[in-house]
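K.L.:
Right, I'll just put the structure down here and ask away after.
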Amino acid sequence: MKEQRKYVVSVLVAVSLLFMPATVCQSATYKVLVVFSYGTDYPWVQEIKAGIDSVLAEKAEIRYFYMNTKKNIEEGPQKAEEALSIYKEFQPDGVITVNDNAQSMFAVPFLKDKVKTPVMFCGINTAPGRYGYPASNVSGVLEQSHIAESIAFVQQLVPTAKKVSFMMRSGHTAKMAISQIKKESDTYSARIVDFKLPNTEQELVTMAAELKKETDVLYVTSLKGIKDKNGDPLEFLKIMSILTDVFGKPIISTKYPVIQYGGLCGLIASGSQDGSVAAEMLLRAMQGTPVEKIPIVREINSKRIINIDMLNALKIKPNPAALRGAELIRLEKAVD
């Protein structure tokens, strides 16, 4: 009889456990839509995705959409419509929009002040007011391009570098970069010589040859989308191979791929940090914090990068102190 009572009690306990409410430590499940301006092959995209995943992968079902406007800007409006269709079908609890085209083509016309869904941006370095941010349902993370710091950094490696020029493919990104450069140029430790905006391979070659004669250092940002003689976009790795061969002097950047594929050095913003901060801000909003109480923040951390293969190729022998604390990487070459 005693054994039977023990069995009954065990069964009752087991049944009661089945019907107990979930404990508060269990994470709520959210749905999140992430819209990237660029494609999956862009390292910046990969970094930001890793940052978002580090915060939300175990808390949300995430759908990623890539507008790929770096290569096909003309298809941007159509891609934005596709993103909107996914938004309507998926009904996410929150949205993250990355880089400028995802703002101007998707977030601003379709989501800003039009829906209740919280939206967090990252990867933009223009003034947020350009997009009407912050908005009733929009906040996010501003990207900081450490141009002045990158110029000062290359001068630690090459003290004779006194003149700097800038090269980027013409377009929205170039306009934003030039605007920043002009605003802060009086803080630069090198004299600005010229701006070059190539759109074709021939322009790239011609302009690089011109700059070689008149400048000590070349700052490079977005060159993706430059077209070859047949009108097809060149791979970025190939663009950098052409540029380094023709220019033959130190190239600096605040973009990791530029240094990876032929630049000498630079201070690089952390894409993974931008992604994780935007994800944390979105998580707060989805958990109930009003977006107006989540202020826009500016990314401040960066890492010093040096391409040691380019250091050797340019026959630069820096003071060892200039290398201290820097991340040293190797050159990735184009395949002919």
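K.L.:
On a straight-distance basis, which aspartates and glutamates could pair with Lys71 in a cross-link, Cα separation under 16 angstrom, same-chain partners fewer than 8 positions away excluded?
P.N.:
Asp41, Asp100, Glu201, Asp228, Asp232, Glu235
K.L.:
Could you go through segment 316-327 in sequence order and give the Karplus-derived ³J(HN,Hα) for each residue, using 6.51 cos²θ - 1.76 cosθ + 1.60 with θ = phi - 60°, rounded to whole Hz, and x for Gly and Pro?
P.N.:
9, 10, x, 4, x, 5, 6, 8, 5, x, 8, 8
K.L.:
Placing +1 on the Cβ of each Lys and Arg and -1 on the Cβ of each Asp and Glu in segment 194-336, which of Leu323, Thr200, Ile308 has its Cα farthest towards the positive end of the resulting dipole?
P.N.:
The listed residue farthest towards the positive side: Leu323.
K.L.:
Going 7 Å from the Cα of Gln46 in the Cα-to-Cβ direction, what parts of segment 95-126 have a backbone nitrogen less than 20 Å from that spot?
P.N.:
98-99, 123
K.L.:
Related question: Label-point separation (nm) for Leu237 and Leu323, each offset 7 Å from Cα along Cα-to-Cβ?
P.N.:
Those two pseudo-labels are separated by 2.6 nm.
K.L.:
Could you work out the relative contact order of segment 114-186? I mean the mean sequence separation of Cα pairs under 8 Å and 6+ apart, divided by the number of residues, in percent.
P.N.:
About 28 percent, as a whole number.
K.L.:
Using a Förster radius of 41 Å, what is the FRET efficiency between Asn230 and Ala313 based on their Cβ-Cβ separation? Nearest 0.05, please.
P.N.:
0.85
K.L.:
How far, in degrees from 0 to 90, does helix 2-18 lean away from the longest principal axis of the Cα atoms of the chain, to the nearest 10?
P.N.:
With rounding to tens, the tilt is 40 degrees.
K.L.:
Follow-up question, since we're still on this one. Output the 0 to 90 degree angle, nearest 10, between the alpha-carbon long axis of helix 76-90 and the longest principal axis computed from the alpha carbons of the chain.
P.N.:
Tilt of helix 76-90: around 10 degrees.
K.L.:
Rounded to the nearest 0.05, what FRET efficiency do Val297 and Glu74 have when you use their Cβ-Cβ distance and R0 = 41 Å?
P.N.:
0.80
K.L.:
Take Lys31 and Thr200, extend 7 Å from each Cα along the Cα→Cβ direction, and tell me the distance between the two endpoints in nm.
P.N.:
Once both label points are built, they end up 4.8 nm from each other.
K.L.:
Report the gain in length on full extension from Lys114 to Ala57: 0.36 nm times residue separation, minus Cα-Cα distance, nm rounded to one decimal.
P.N.:
Here the segment from Lys114 to Ala57 would lengthen by 17.8 nm.
K.L.:
Across 20 Å bins from 0, what is the distribution of all Cα-Cα pair distances for the chain, in whole percents?
P.N.:
Using 20 Å bins, I get a P(r) of 29, 48, 16, 5, 1, 0 for the chain.
K.L.:
What value, in deg cm²/dmol to 500, does the helix sum -39500 (n - 2.57) over DSSP H runs of n ≥ 4 give at 222 nm once divided by the residues of the chain?
P.N.:
One gets -11500 deg cm²/dmol as the mean residue ellipticity at 222 nm.
K.L.:
Given segment 44-147 reduced to its alpha-carbon atoms as identical point scatterers, what log10 I(q)/I(0) does the Debye formula return at q = 0.18, 0.19, 0.21 Å⁻¹?
P.N.:
Debye output, listed in q order: -0.92, -1.03, -1.27.
K.L.:
At a threshold of 8 angstrom on Cα-Cα distance, excluding pairs fewer than six apart, so keeping six or more, what relative contact order does segment 225-286 reach in percent?
P.N.:
Answer for segment 225-286 is 20 percent.
K.L.:
Follow-up. Please list, in chain and number order, the residues 5+ apart from Lys31 or on another chain whose amide H is under 5 Å from its amide H, with Hs placed from the backbone.
P.N.:
Glu61, Asp93, Gly94
K.L.:
I need to check one value: relative contact order of segment 242-317, counting alpha carbon pairs closer than 8 Å and at least 6 residues apart, in percent.
P.N.:
36
K.L.:
Output wanted: per-residue J couplings in Hz (rounded whole) for segment 44-59, from phi through Karplus 6.51 cos²θ - 1.76 cosθ + 1.60, θ = phi - 60°, x for Gly and Pro.
P.N.:
Working through the residues one at a time gives 4, 5, 4, 5, 5, 4, 4, x, 5, 4, 4, 9, 10, 4, 9, 10 Hz.
K.L.:
Ok, one more. Report, ordered by chain and residue number, the aspartates and glutamates lying within cross-link reach of Lys59, taken as a straight Cα distance under 18 Å and ignoring same-chain residues fewer than 8 apart.
P.N.:
Asp93, Glu280
K.L.:
Got a sec to turn the phi values of segment 261-271 into Karplus ³J(HN,Hα) couplings, 6.51 cos²θ - 1.76 cosθ + 1.60 with θ = phi - 60°, whole Hz, x for Gly and Pro?
P.N.:
Running phi through 6.51 cos²θ - 1.76 cosθ + 1.60 with θ = phi - 60° gives 9, x, x, 8, 6, x, 9, 10, 5, 8, x Hz.
K.L.:
Skipping prolines and chain starts, which residues have an amide H placed within reach, meaning under 5 Å, of the one on Lys162, given they are 5 or more residues away or on another chain?
P.N.:
Asp216
K.L.:
Shifting gears a bit: Are any of the pairs Lys163/Lys227; Lys183/Lys293; Lys162/Lys317 more than 24 Å apart by Cα-Cα distance, and if so, which?
P.N.:
Flagged as over cut-off: Lys163/Lys227; Lys183/Lys293.
Taken together, the values in this text are just the output of simple stated rules run on the coordinates, not laboratory data. Note that this is a predicted model, so its numbers are computed, not measured. Neighbour counts run over all protein chains shown; Cβ positions are idealised from the backbone, glycine included.
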